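The values are calculated or read from the model by the stated rules, or taken from the named source; none is laboratory data. This is a predicted model, so every value here is computed, not measured. For neighbour counting, all protein chains shown are included, and Cβ atoms are generated from backbone atoms with ideal geometry for every residue, glycine included.
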Amino acid sequence: MHTWCRWRGEGDDPAVGSAAVSTPQARFEGSDRQLRGRLVDALRAGPVVRSAVAGRIAETDQGRVERIVAGLVRDGLAVEEDETLRLP
């Protein structure tokens, strides 16, 4: 197989050497990823007034809400105009 398969001829499968090297992903429940998903889901239904975001994603920590909103806007997944968020 080494003679006709270029990939195999270049060496061993790199996945074998990297197995068990990566760390497990953080828990989803209660994570910023979950809140980002909730907000994107809410925005799919239509624009959301900024003052209503915390209630729509069920989060009481306003600093965390601000971080979630800023991240979505920075990543181009949400647009903010006149204190209202919408999908791009």
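Structure summary
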{"item": "Tally of residues being surrounded by 10 or more Cβ atoms within 10 Å (Cβ to Cβ) and more than 13 Å from ARG38 (Cα to Cα) across the stretch 65-85", "result": "9"}
{"item": "Residue that is nearest to ALA78 (Cα to Cα), among those in the stretch 48-64 that are surrounded by fewer than 17 Cβ atoms within 10 Å (Cβ to Cβ) and not hydrophobic (A, V, I, L, M, F, W, C)", "result": "ARG50"}
{"item": "Residues (in a helix (DSSP H, G or I) and either among the charged types (D, E, K, R) or in contact (Cβ under 8 Å) with a residue 40 or more places away in the chain (or both)) located in the stretch 61-78", "result": "ARG64, GLU66, ARG67, ARG74"}
{"item": "Unmet requirement for PRO88, which otherwise passes all of (1) at pLDDT 75 or above; (2) part of a helix (DSSP H, G or I); (3) loosely packed, with under 10 Cβ neighbours inside 10 Å", "result": "(2)"}
